[in-house]
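This report concerns only the one structure given below.
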Ligand SMILES: Nc1ncnc2c1ncn2[C@@H]1O[C@H](COP(=O)(O)OP(=O)(O)O)[C@@H](O)[C@H]1O
Ligand SMILES: [Mg+2]
């Protein structure tokens, strides 16, 4: 029998928070199940806690956990609220703190910070339910091919690509079903690349991963249905562009003051310009998700990755 190897932190009592009430509940449960089995493989005692259930705060408060691995995506999980709760409870947790989580979740606020730090991000307009939308002005300033997204959702929920002006009003209405604030961006054509970053102070950029969706963009199905997208590591871009993507991902991680891990989604144009689409503070963490896949290419297997993230939470 092989004795499970515990990391530098030894054998720990860990809570894995997965489930929750956001649109990404199913994804979160899947991530959680795989993280639990990886951490158990590494010799830790792991308890699953679902933040959708009554009493979950009491479970966290009284569980005697050394750390919490947050596998919640979207609202009330990735947005700083759960992180604030864990701060109040005095529990160390994997990933970014309250401010970085909240900033990254808000696609508009994070774009403001990326721009202030000199990072490129697609040109954009912000629409709110309480003001009339001037469609002609949007098309005049951003062009005819556009991407419309709710500001606070993930997993491409409520998002559309607009190919010609006539499609814009319906796309905006669809996004408003999910959020009071909607982001309209110029469509940027190019290679879609995502780069994971691991670390607290010393940061390691994982290899570039090119995402090739079967559909027109990396939508919900492409993300979660096997075979609907493929990963190519490293991305089929120049050596220079790869280095640039890794530098941009590290700069984006620092700009939002992230901790532990992040994954930055980017588009690289044919001329090698890198545009940041967004930064995810709790990226998908199934064995076949983007960040774990890139980590594997860098020689870090999934259980070791999960263990490393717990160590970063404890800062050992
Ligand atoms: N401005 C853009 N230009 C081209 N494609 C985009 C743009 N914004 C988003 N996309 C496509 O939509 C996908 C999802 O957008 P993203 O901003 O990463 O939001 P999320 O992953 O949170 O839904 C991207 O992976 C990409 O395929
Ligand atoms: Mg994304």
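So here's what we get for this one:
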{"quantity": "Translational diffusion of region 101-146, µm² s⁻¹ [Kirkwood Rh, Cα pairs; Stokes-Einstein; 10 °C; 1.306 mPa s]", "calculated": "130"}
{"quantity": "Net lengthening on full extension, residue 287/residue 189 (0.36 nm per residue, minus Cα-Cα)", "calculated": "32.4 nm"}
{"quantity": "Reduced Cα scattering model of region 201-284, Debye log10 I(q)/I(0), q = 0.12, 0.21 Å⁻¹", "calculated": "-0.37, -1.08"}
{"quantity": "Among 296-303, 92-99, the order from most to least packed when residues are scored by Cβ within 10 Å on average", "calculated": "92-99, 296-303"}
{"quantity": "Relative contact order, percent, the chain [alpha-carbon distance under 8 Å, six or more residues apart]", "calculated": "20"}
{"quantity": "Cα convex hull volume per residue for the chain (Å³)", "calculated": "135"}
{"quantity": "Radius ratio Rg over Rh of region 13-94, counting only Cα atoms, Kirkwood formula for Rh", "calculated": "0.93"}
{"quantity": "Cα centroid of region 21-37 to Cα centroid of region 44-67, whole Å", "calculated": "15"}
{"quantity": "Mean projected area (nm²) of the alpha-carbon convex hull when region 53-161 is viewed from all directions", "calculated": "9.3"}
{"quantity": "Viscosity 1.567 mPa s, 4 °C: Kirkwood-radius Stokes-Einstein D of region 124-186 over Cα pairs, µm²/s", "calculated": "115"}
{"quantity": "Cα centroid separation - region 91-165 against region 184-257, whole Å", "calculated": "17"}
{"quantity": "Sum of -39500 (n - 2.57) over DSSP H runs of 4+, divided by residues of the chain (222 nm, nearest 500)", "calculated": "-10500 deg cm²/dmol"}
{"quantity": "Distance in nm between pseudo-label sites at residue 129 and residue 301 (7 Å out along the Cβ direction from Cα)", "calculated": "5.0"}
{"quantity": "Enclosed volume per residue, in Å³, of the convex hull spanned by Cα atoms of region 274-314", "calculated": "94"}
{"quantity": "With Cα atoms, 0 to 90° folded angle of helix 239-255 axis to the chain main axis", "calculated": "70"}
{"quantity": "Rounded, prolate or oblate (a/c below 1.5 giving rounded, otherwise prolate when a/b exceeds b/c) for region 176-316 by Cα gyration tensor", "calculated": "rounded"}
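Laboratory data are not the source of any read-out in this text; all were calculated from the coordinates shown. In this text, all values refer to a predicted model and were calculated from it rather than measured experimentally. Every residue, glycine among them, receives a Cβ derived from its backbone with ideal geometry; neighbour counts consider all protein chains shown.
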